[in-house]
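Right, one structure below, let's go through it.
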Amino acid sequence: MENAKSSELKKSDPNNATNIVKDRGGNPLLYKMFKWLVVRPLLYLFYQERIYGAENVPLTGHLIVVSNHASDFDPLIVGSCMGRPVAFMAKEELFEIPVLSQAIQAFGAYPVKRGAGDRAAIRAAIASIEKGWATGIFLQGTRTLDGRVTEPKLGAAMIAAKTQAPFLPISIWGTETILPKGAKFPKLFQPVTVRIGELIPPPEASDRQTLEAYTQKCADAINALHALGR
């Protein structure tokens, strides 16, 4: 289990953030309370979660957390095994729901309008990074049945090139069995393993060839971690 404690995140100039998340900021203290009092105990008790490589997480500075994706539970799982808060994008409609809106804002979620396209999502992610949050991105952008990254998207690499934030590759193993297709309730006692790889420096250029090579390098790193299994 993770033993590292979060340190204060470095703050960047808020004027650099776009209007997408200009007035929305997370609450690191509330994030930590929810993590240690709710999420971590549940994952340990009901999913026998194992975490490898927690020492690879930088506690300050710009950071893009990239992982595979097989379950709706993945954002909670990834965020809870870091030594610092990690913000994921959420549908804009969720920010209009009382109570839920305040909760997800406290946990650093940033809104993306449905159908707005990749550009809006990229702008939102960049704004989140510039506000000082580590930002989580699923490299394929959607869930896969076996948890492997087979068709990585270039969006995360574009964000890395723009912000010069390094990638932290993460593999989540076993979450595809928690809530399989057609199930109404999550299954308990499904083993889950999280492996955190070594930092990958941001790309040196932003041309398509460089971004494609960088994205594939990250996909290969995630799949190699995933292949280690439990």
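Filter segment 117-143 for residues that are part of a loop (DSSP other than H, G, I, E, B) and open to solvent by 50 Å² or more (accessible area, probe 1.4 Å); which is farthest from Ala219 (Cα to Cα)? Lay out the reasoning, then the answer.
Residues of segment 117-143 part of a loop (DSSP other than H, G, I, E, B): 117, 131-133, 139-143.
So of that shortlist, the ones also open to solvent by 50 Å² or more (accessible area, probe 1.4 Å) come out as 131, 141-143.
Details: Lys131: 26, Gly141: 12, Thr142: 14, Arg143: 14 Å.
It comes out as Lys131.
So, in segment 31-54, how many residues would count as being touching a residue at least 60 places away in the same chain (Cβ under 8 Å), out of contact with any strand residue (DSSP E or B) (no Cβ under 8 Å at 6 or more places or on another chain) and not in a loop (DSSP other than H, G, I, E, B)?
So the answer is 5.
When you scan segment 173-192, do you find a residue that is outside any loop (DSSP other than H, G, I, E, B), at pLDDT 95 or above and open to solvent by less than 30 Å² (accessible area, probe 1.4 Å), even just one? Break it down stepwise before answering.
Narrowing segment 173-192 to residues outside any loop (DSSP other than H, G, I, E, B): 173, 175-177.
Those still in the list that are at pLDDT 95 or above too: 173.
So of that shortlist, the ones also open to solvent by less than 30 Å² (accessible area, probe 1.4 Å) come out as none.
No - not one qualifying residue is present in segment 173-192.
Considering each residue of segment 193-230, count those that are part of a helix (DSSP H, G or I), open to solvent by 10 Å² or more (accessible area, probe 1.4 Å) and closer than 19 Å to Gly79 by Cβ, and give that number.
2
Restricting to segment 33-70, name every residue that is among the acidic types (Asp, Glu) and touching a helix residue (DSSP H, G or I) at 6+ places or on another chain (Cβ under 6 Å). Spell out how you get there, then give the answer.
At the first step, the residues of segment 33-70 found to be among the acidic types (Asp, Glu) are 49, 55.
Of everything in segment 33-70, just one residue is among the acidic types (Asp, Glu) and touching a helix residue (DSSP H, G or I) at 6+ places or on another chain (Cβ under 6 Å), namely Glu49.
The values are calculated or read from the model by the stated rules, or taken from the named source; none is laboratory data. It should be emphasised that the depicted structure is a prediction, and the values quoted were computed from it without experimental measurement. All Cβ positions, glycine included, derive from the backbone under ideal geometry; neighbour counts span all protein chains shown. Areas reflect the complete protein model, heavy atoms only, side chains present, ligands, DNA and RNA absent. Shrake-Rupley method; radii C 1.70, N 1.55, O 1.52, S 1.80 Å.
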